[in-house]
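The values are calculated or read from the model by the stated rules, or taken from the named source; none is laboratory data. Note that the structure is predicted; figures quoted are calculated from it, not measured. Reconstructed Cβ throughout: ideal geometry from the backbone, glycine too, with neighbour counts over all protein chains shown. Surface accessibility is based on the protein's heavy atoms, side chains included, excluding ligands, DNA and RNA. Shrake-Rupley method; radii C 1.70, N 1.55, O 1.52, S 1.80 Å.
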Amino acid sequence: MRRALFAITGLAASTTAMVVLKAAPGTGQVAQEPPPGTAPTTDGPTPPVDAEESPSASREPRATRSPKPARSTEAPARRTDSSEAPRTPSAPRTTTAAPRPATRTVTGPVVGNEYGNVQVRITLTGSRITDAVALELPERTAQSEQRSDLVDSRYSGVAGLVVARQSADLDTVSGATATSQSYRQSLQAAIDRAR
């Protein structure tokens, strides 16, 4: 959209410059030059000039006025630059590019059981769960730590059951019923908060 605006503005500016240069005094002499292939005549009538100028002075302004066509050729150069903008359309890119879904994290509450506390955090991209992490698991004894590791390895991570099932409807880990239930409760609360 911005490039199209610049293209239109550049085109308008170059058109205005062309009109101003054509209407400017002295530019008529350049347009009245003999066509290519005809011999220039210095004896014939000269193009109209200011009354105060002498015929010899009228030849000098021609030499000094010759850069004016160069000014008029600058305008097409600007037009060429501005006409290149449509070749690389930016508007379709912005309209066709789908917005990236927002990535966010939601943390469930701490859920306690007889072995300790469990807390789960999920990461969502859009409405899809892409990761689950146990922030807190029971570790009071070696046995409870072992149960926690079983639950964590089965449920958590990008390849865990939470991501695979996209819900808290998970099978109970054998031998870790209390920790599994606490994990699912914290997970369900996090899912509910994410909605």
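For the reader, a short list of remarks on this structure follows.
- Subset of region 159-169 [closer than 15 Å to S182 by Cα and open to solvent by 80 Å² or more (accessible area, probe 1.4 Å)]: D169
- Qualifying residues in region 118-158 (those that are assigned to a loop (DSSP other than H, G, I, E, B) and farther than 18 Å from I191 by Cα) - the one most open to solvent (accessible area, probe 1.4 Å): R140
- Members of region 123-152 found to be out of contact with any Leu (no Cβ under 8 Å at 6 or more places or on another chain), of a type in the set (S, T, Y) and over 22 Å from Q166 (Cβ atoms), listed by number: T141, S144
- Contact map, region 153-177: first residue within 20 Å of Y115 (Cβ to Cβ) and of a type outside the set (G, A, S), second residue open to solvent by less than 20 Å² (accessible area, probe 1.4 Å) and assigned to a loop (DSSP other than H, G, I, E, B), Cβ cut-off under 7 Å, separation 6 or more or different chains; pairs are R154/G160; R154/V173; Y155/L170.
- Being among the β-branched types (V, I, T), surrounded by fewer than 16 Cβ atoms within 10 Å (Cβ to Cβ) and within 17 Å of A194 (Cα to Cα) is a property that does not hold for T172.
- Condition met for T107 (open to solvent by 80 Å² or more (accessible area, probe 1.4 Å), at pLDDT 55 or above and β-branched (V, I, T)): no
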